[in-house]
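The values are calculated or read from the model by the stated rules, or taken from the named source; none is laboratory data. Just so it is clear, the structure is predicted and the values come from calculations on it, not from any experiment. Heads up, the Cβs are rebuilt from the backbone with ideal geometry, glycines too, and the neighbour counts pull from every protein chain shown.
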Amino acid sequence: MSCARRSTVFRTKPVDEKVWQEFSASLFYCQGDLTDVAAYKKLEARLASFGSAPLRENLLFYLATLPSQFGQVIEQMHNAGLLHHGDGTAGSGLLLKNRLATTSPPPAH
């Protein structure tokens, strides 16, 4: 989505292109099967490549998954050492989005 499109859909003020470029350079996507331990190891390796311990321990994970998979995902992430509890100054965050399966198109506006 172009910066101009983001601006008209999500914001009331224009998006600063320089700020967006700096921010978006820090976003990463790691695809994997939620039931596969190797997927979590792949994610851990990706995060370890950042090299900075404070950065590594201050993350926000955004996952769009079915509610029935929430527990499994949290357990797998915990077992892989991806969820950190800091000393009060840092810690990992986990945002789970309820992804509902649907076969009908969204309503017309």
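For segment 34-89, how many residues are assigned to a helix (DSSP H, G or I), at pLDDT below 85 and surrounded by 16 or more Cβ atoms within 10 Å (Cβ to Cβ)? Qualifying residue count for the region: 2.
In segment 8-30, what count of residues is obtained for those that are assigned to a loop (DSSP other than H, G, I, E, B) and either surrounded by 10 or more Cβ atoms within 10 Å (Cβ to Cβ) or touching a Lys or Arg at 6+ places or on another chain (Cβ under 9 Å) (or both)?
5
Check whether at least one residue in segment 42-57 is under 16 Å from Gly93 (Cβ atoms) and touching a Gly at 6+ places or on another chain (Cβ under 8 Å), and report yes or no. So far as segment 42-57 goes, yes, one or more of its residues are under 16 Å from Gly93 (Cβ atoms) and touching a Gly at 6+ places or on another chain (Cβ under 8 Å).
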